[in-house]
Amino acid sequence: MNYKPAQLESFCLNPSLSIKCVILFGTNEGEIATLQKKCAEAVCESVEDAFRYQAFEMADISKDGAEIYADFHSQSLMGGRRVTAVKNADNNLAPLLKKMIPETNSDNLLILSSTTLNTKSSLITWAKDRDDVIIVGCYEERAGDIAEEASKMLKEKGLIADISVMQFLCSRLSPDRKLNQSEIDKLEIFLGERKNVTVNDIRQAISDVAGANYDDLCYHTANGNTLQACAAYDRLIKEGEQTATLVRQLEYHFSKLLGCQALIESGKSLDEALKSLRPPLMFYRKNDFTKQLKIWNRERLLSALNMLYDCERDCKTTNIPDKQTASYTIMRLAGAVKKFK
């Protein structure tokens, strides 16, 4: 069964015995780790309980997966349902699961987590149509998703923010919901009895948890600000972001530019092209985005996207230094702007 993260959280409130396995996969490592822990503790109460929780690394599992089979079918000496967790799982587990899950009478739960599996992986393809297995794709949230979640958090606390304040708030939040909730909690305490949120309130109460956020990287790169783009990239890498994730964010940004260019070439006005963007462009980014449309024509944008696609492929290739590859690509893109002017 294919679940969304929110649906899995509902499952955690009353984990059914009919579910034998949960597979968490995608590029959002933070969400995968959070959901893995929440799902495990819904069954075994605490991941610190050695009698009811056992975690394995995929690299330590033998080819036939005998360790997983044995642990999944064992019982706790203290009683209660157990959890067997496998981190960094891959398709090598598919033969074991295809035989074990349909035949098992165990009440235990197997949780697999992975950032390498995707919707086309054999393990996911097998699991998606089964009633006893839940699969959950975890990916980085786009700005629209962050805005929607932030709006819900404010509403729950009775806080009011207009569009410009919401845009500024979202620029300081990150794809990490748990971290964002903590920042909104701080904002509520800062406001006290007040309910109307201002930009100044956010500046004082909320940390820039996005740090050198994705937008900073994308806008500095497309603007030709090489030093700032490299600084934003370095900071994001130090904060634990994956190179492939950052390259995809750049692809997304240049794709937005290409979409707007196509609308303008078809006869739409600049304002009409900008209004077509979903999620809407942040008000404080409009000038930079407009400037970029003048710098990057269709041909240049297509070349940039091809360069980024090649970079993403290389970042996922073994024995290629991904951090240096991505950094070099960012410098090439930002440096090209000087030639265009």
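One table, with the values for the structure above:
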{"item": "Qualifying residue in the stretch 219-235 (condition: surrounded by 16 or more Cβ atoms within 10 Å (Cβ to Cβ), closer than 21 Å to SER164 by Cβ, in contact (Cβ under 8 Å) with a residue 60 or more places away in the chain and not assigned by TED's automatic domain parsing to the domain that holds MET153)", "result": "yes"}
{"item": "Conditions (1) closer than 17 Å to SER174 by Cα; (2) aliphatic (A, V, I, L, M); (3) in contact with a strand residue (DSSP E or B) (Cβ under 7 Å, 6 or more places away or on another chain): number failed by VAL197", "result": "(1)"}
{"item": "Members of the stretch 223-257 found to be within 17 Å of ASP322 (Cα to Cα) and not in a helix (DSSP H, G or I), listed by number", "result": "GLU239, GLY240, GLU241, GLN242"}
{"item": "Whichever residue in the stretch 8-20 is within 19 Å of LYS128 (Cβ to Cβ) and in contact (Cβ under 8 Å) with a residue 12 or more places away in the chain and, among such residues, is surrounded by the most Cβ atoms within 10 Å (Cβ to Cβ)", "result": "LYS20"}
{"item": "Enumerated helices (runs of 4 or more DSSP H) restricted to the stretch 1-88, each holding at least 2 residues that are within 18 Å of LEU117 (Cβ to Cβ) and among the polar types (S, T, N, Q)", "result": "29-44"}
{"item": "Residues of the stretch 264-287 that turn out to be surrounded by fewer than 18 Cβ atoms within 10 Å (Cβ to Cβ) and part of a helix (DSSP H, G or I), as a count", "result": "11"}
{"item": "Within the stretch 173-202, considering residues that are in contact (Cβ under 8 Å) with a residue 40 or more places away in the chain and of a type in the set (D, E, K, R), the one surrounded by the fewest Cβ atoms within 10 Å (Cβ to Cβ)", "result": "LYS178"}
{"item": "Residue list for the stretch 250-267, restricted to those being in contact (Cβ under 8 Å) with a residue 40 or more places away in the chain and either polar (S, T, N, Q) or farther than 17 Å from ARG285 by Cα (or both)", "result": "GLU251, SER255, GLN261"}
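The values are calculated or read from the model by the stated rules, or taken from the named source; none is laboratory data. What you see is a predicted model, and the numbers here were worked out from it, not measured in a lab. Note: ideal-geometry Cβ built from the backbone for every residue, glycine included; neighbour counts use all protein chains shown.
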